[in-house]
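For reference, the structure discussed in these notes is given below.
The values are calculated or read from the model by the stated rules, or taken from the named source; none is laboratory data. None of the values given here were measured: they were computed from a predicted structure. Neighbour counts are summed over all protein chains in view; Cβ atoms, including those assigned to glycine, are modelled from backbone coordinates with ideal geometry. Accessible surface areas use protein heavy atoms only, side chains included; no ligands, DNA or RNA. Shrake-Rupley method; radii C 1.70, N 1.55, O 1.52, S 1.80 Å.
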Amino acid sequence: MPVTVKTFQAASEAASALSSDRAARYLGGGTLVMRDLNEGDVSIATVIRATDRTLQGIDAAGARIRIGAGVTFARVLAERDLAFLHPAARSIGGPAVRNMGTVGGNLFAPAPFGDFTVALLALDGIVSLQGSFGVRDMPIEEFLQSRDRQAGALVVGVSCIRPASADAFRYRKIARIKPKGGSVITLAAHLPQSGGRVTGARIALGSMAPTAIRAKAAERALEGRPFDAGAISAAAAAAAEGTAPTDNSLASAWYRREVVGVHLRRLLSGQES
Amino acid sequence: MAKTPLQFRHNGRDVALFVDGGTNLLVVLREMIGDLTPKFGCGQGGCGACTVLIDGDAHLSCLTLAEAVEGRAVETLDGIKSGPNLHPLQRAFAEGFAAQCGYCTPGMLMAAKALLDKIPQPSREQVVEAISGNICRCTGYEPIINAVLAAAASLRASA
């Protein structure tokens, strides 16, 4: 069924249009919205787009980097300053999907997709939302928990921590179809250390709940301890706590719960998967 | 519902038409222009059969909103051969038995062309990466990978 397509130059205008139309969906790269349209989703009456160049911006100068919501994964991969995010970007789709899919759109991807969001969650991501109220920032965890209620606001960008060292951030996607495929489990860990002890660990998991979630029990197991085999074992043992995976064609919920600790142990130990 | 005017370049020729809102590029190419080389596979971006080049980069036409190609250059398999001569990629696929049912072949060829246009001498790993979004249910991929490498060598030899 035809829909009305509205293209705006300014993100603020697109946000206004989005907030005033309950049957509107914002189209970034198209990998989610067009799929729904192709499947005949009649709940979409209006498609809203924005050509605002601020949505394409990358500011990698500071300790926190900012990525516009419209930045594609191919752009991320072309940006040397974002090298720590390259494994996450490279794990998504094939080249065609990476030429289309956007950082902002990935926030809305349901499991077993949304791998880039897992990395952002581990890196203390903050989502910038434009609504009728103006622009406001929201921690990514809060955003993900209320994602379905954010329909009237437009994501304009995301910021995240730049890891202090290459070893401080680790990412791995477990997939059955290699080199690309949906996620069995996706793991990301930010492990800052001070005085030989882990301080402020953040571990994020994908495909272990409807959205990316933090493995808070595993984080607690590492916090304040030397980053050694004992701490890693404790974190691995706690990895499944608080998770709520579902069955799909790639893996059962049971399997995901069984193996998440194994993969977390391998990630933290620096072993190959 | 009002139709939207749309202009873009299709294989080097200007195209102007009107589309219904929400129409995807694959429908425009196949049903409105009559270019049947991009195939409809899954309609979800999962198989790569509909891969085309937009301004030189591989895109999935089934997930591309038609309005998004306004003023841009779209290249399909129909446009890659030169007159009566097959493109070296097409020739390599034929000579290397890199197609069986053939349904994935147009998408594979366009994904491979996007690679060779940017990287004339790709490694095997780069070829695997380039076609990683394209599903083939027949060949087991090895003949396809070998054909892309053979085409790359052929293109370099003729450059």
- Can you find a residue in region B:39-57 that is open to solvent by less than 50 Å² (accessible area, probe 1.4 Å), out of contact with any helix residue (DSSP H, G or I) (no Cβ under 8 Å at 6 or more places or on another chain) and not in a loop (DSSP other than H, G, I, E, B)? no
- Are any residues in region B:27-50 within 13 Å of the chain's Cα centre (by Cα), of a type in the set (A, V, I, L, M, F, W, C) and farther than 15 Å from A:Gly30 by Cα, and if so, which ones? B:Leu29, B:Leu36, B:Phe40, B:Cys47, B:Ala49
- Query: So how many residues does region A:223-249 have that are assigned to a loop (DSSP other than H, G, I, E, B) and open to solvent by 20 Å² or more (accessible area, probe 1.4 Å)?
  - Reply: 14
- Item | Qualifying positions in region B:94-116 - open to solvent by 40 Å² or more (accessible area, probe 1.4 Å), outside any helix (DSSP H, G or I) and among the aliphatic types (A, V, I, L, M) | B:Ala99
- Message: Filter region B:117-129 down to the residues that are open to solvent by 20 Å² or more (accessible area, probe 1.4 Å), under 18 Å from B:Pro143 (Cβ atoms) and either in contact with a strand residue (DSSP E or B) (Cβ under 9 Å, 6 or more places away or on another chain) or of a type in the set (A, V, I, L, M) (or both) and list them by number.
- Response: B:Val128
- Message: Given the criterion closer than 29 Å to B:Gly21 by Cβ, more than 9 Å from every other protein chain (Cβ to nearest Cβ) and under 13 Å from the mean Cα position of the chain (by Cα), identify the matching residue among B:Leu89, B:Leu53, B:Leu116.
- Response: B:Leu53
- B:Gly41 within 9 Å of chain A (Cβ to nearest Cβ) and farther than 22 Å from A:Thr51 by Cα: no
- Query: Taking region A:87-98, which residues are open to solvent by 10 Å² or more (accessible area, probe 1.4 Å) and touching a Lys or Arg at 6+ places or on another chain (Cβ under 9 Å)?
  - Reply: A:Pro87, A:Arg90, A:Ser91, A:Ile92, A:Gly93, A:Val97, A:Arg98
- Restricting region B:84-117 to residues that are in contact (Cβ under 8 Å) with a residue 60 or more places away in the chain and charged (D, E, K, R), the one farthest from A:Lys180 (Cα to Cα) turns out to be B:Arg91
- Note on the structure: When (1) within 14 Å of chain A (Cβ to nearest Cβ); (2) at pLDDT 95 or above are applied to B:Gly46, the one that fails is (2)
- Task: Specify which of the listed residues (B:Ser82, B:Ser61) is open to solvent by 10 Å² or more (accessible area, probe 1.4 Å), on the phi < 0 side of the Ramachandran plot and among the hydroxyl-bearing types (Ser, Thr, Tyr).
- Result: B:Ser82
- Task: Test each condition in (1) part of a loop (DSSP other than H, G, I, E, B); (2) more than 9 Å from chain A (Cβ to nearest Cβ); (3) open to solvent by less than 10 Å² (accessible area, probe 1.4 Å) for B:Val28 and report the one that comes out false.
- Result: (1)
- Note on the structure: Subset of region A:57-101, residues within 14 Å of chain B (Cβ to nearest Cβ) and either over 26 Å from A:Gly181 (Cα atoms) or part of a strand (DSSP E or B) (or both), comes to A:Thr72
- Message: I'm checking my understanding of the structure. Among residues of region A:3-20 that are open to solvent by 50 Å² or more (accessible area, probe 1.4 Å) and part of a loop (DSSP other than H, G, I, E, B), which one is nearest to the other protein chains (Cβ to nearest Cβ)?
- Response: A:Gln9
- Query: A:Arg53: away from chain B (no Cβ under 14 Å) and either closer than 30 Å to A:Ile185 by Cβ or of a type in the set (Lys, Arg) (or both), yes or no?
  - Reply: yes
- Message: Scan region A:63-80 and tell me whether some residue there is more than 27 Å from B:Ala111 (Cβ to Cβ), out of contact with any Ser or Thr (no Cβ under 6 Å at 6 or more places or on another chain) and free of Cβ contacts under 8 Å to residues at least 24 places away in the same chain.
- Response: no
- For residues that are crowded, with 21+ Cβ neighbours inside 10 Å and within 12 Å of chain A (Cβ to nearest Cβ), scanning just region B:130-150, find the one that is farthest from the chain's Cα centre (by Cα). B:Ser132
- Task: State which residue is modelled with the lowest pLDDT when the search covers only region A:21-31 and only residues that are more than 9 Å from chain B (Cβ to nearest Cβ), in a loop (DSSP other than H, G, I, E, B) and closer than 25 Å to A:Gln56 by Cβ.
- Result: A:Asp21
- So B:Asn24 clears everything in (1) touching a residue at least 60 places away in the same chain (Cβ under 8 Å); (2) within 16 Å of the chain's Cα centre (by Cα); (3) closer than 22 Å to A:Met1 by Cα except one condition, right? Which one? (1)
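Table: residues versus (1) over 22 Å from A:Gly206 (Cβ atoms); (2) surrounded by fewer than 20 Cβ atoms within 10 Å (Cβ to Cβ); (3) touching a His at 6+ places or on another chain (Cβ under 9 Å).
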position	(1), (2), (3)
A:Leu120	no, no, no
A:Arg136	yes, yes, no
A:Gln145	no, yes, no
A:Leu154	yes, no, no
